[in-house]
Amino acid sequence: MALVQTESLVHFSVPVNDLAESIKFYTEVLGMTPRGNVGPNGFCVMVGATPIILVARATPRPFEEPEQMNGQLCHQAFQVSSEEYDRAQVAFRENGVRMANEEWRKTGTFTGRSQYFFDPSGNRLEINDPNPPFWPEGLDR
C-alpha cells in the first residue's frame, strides 16, 4: 500500500533561462493561456486545465544542458489534433523553433506520431497526435 494516495496533478514547473522569452514561447508558439505571476520569479500558463509554472533560473544555463543531464526521455508532451500537428510542422520550421526527431508508434504506452522540439531554454518538448490520418508504409512498431 502507498504511503499516500495522490488524486491528480496540481501543476508542474519548467525551469527557464529568460522568463519573458519563455512566456512568449509558451503562449505565442504553443498557444497556452497566460494565468499570471507565481512568486517573484514564476509565471503560470495553462494547457487545457493543467497549470504549468515557468520558473526563471537565477543563473541561465547552457541550451544543451537539460538534455545532456536528463536524457531524451525527460520531457513534457502535449496532445494535439492531426490538423494542429501538421500545421506545427510547418510553423515550427518557419519560426525557427529548434526541432529534434519525429517518431511514429503503433504500439506501446503512447502511440501515434510525435514531434520533439526545444523551448528557448533547451527543455525538450513533444507534441503528440495519437490518431494520425495515415501510417507510413512498413511501420510495424
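Here are the numbers for the structure shown:
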{"quantity": "Farthest toward positive dipole pole in the chain [+1 Lys/Arg, -1 Asp/Glu at C-beta], among N37, C74, V47", "calculated": "N37"}
{"quantity": "Rounded, prolate or oblate (a/c below 1.5 giving rounded, otherwise prolate when a/b exceeds b/c) for segment 1-100 by Cα gyration tensor", "calculated": "rounded"}
{"quantity": "Helix axis angle, 82-94 relative to the chain longest principal axis, alpha carbon, degrees", "calculated": "70 degrees"}
{"quantity": "Most positive-pole-ward Cα, W104, P60, A91, against dipole of the chain from beta carbon charges", "calculated": "P60"}
{"quantity": "Mean ellipticity per residue at 222 nm, deg cm²/dmol - from DSSP H runs of n ≥ 4 across the chain, formula -39500 (n - 2.57)", "calculated": "-5000 deg cm²/dmol"}
{"quantity": "Extension gain (nm, one decimal) between N131 and S82, 0.36 nm per residue minus Cα-Cα", "calculated": "16.9 nm"}
{"quantity": "Dipole magnitude of the chain about its Cα centre (Cβ charges: Lys, Arg +1; Asp, Glu -1), debye to nearest 20", "calculated": "260 debye"}
{"quantity": "Fully extended contour minus Cα-Cα distance, from N101 to T50, at 0.36 nm per residue", "calculated": "15.8 nm"}
{"quantity": "Shape of segment 10-56, Cα gyration tensor, a/c cut at 1.5", "calculated": "oblate"}
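Bear in mind that the values in this text are calculations on the coordinates, not laboratory data. Treat the numbers as computed from the prediction; the structure is a model and nothing was measured. A quick note on method: Cβ atoms are made from the backbone with ideal geometry, for glycine too, and the neighbour counts reach across all protein chains shown.
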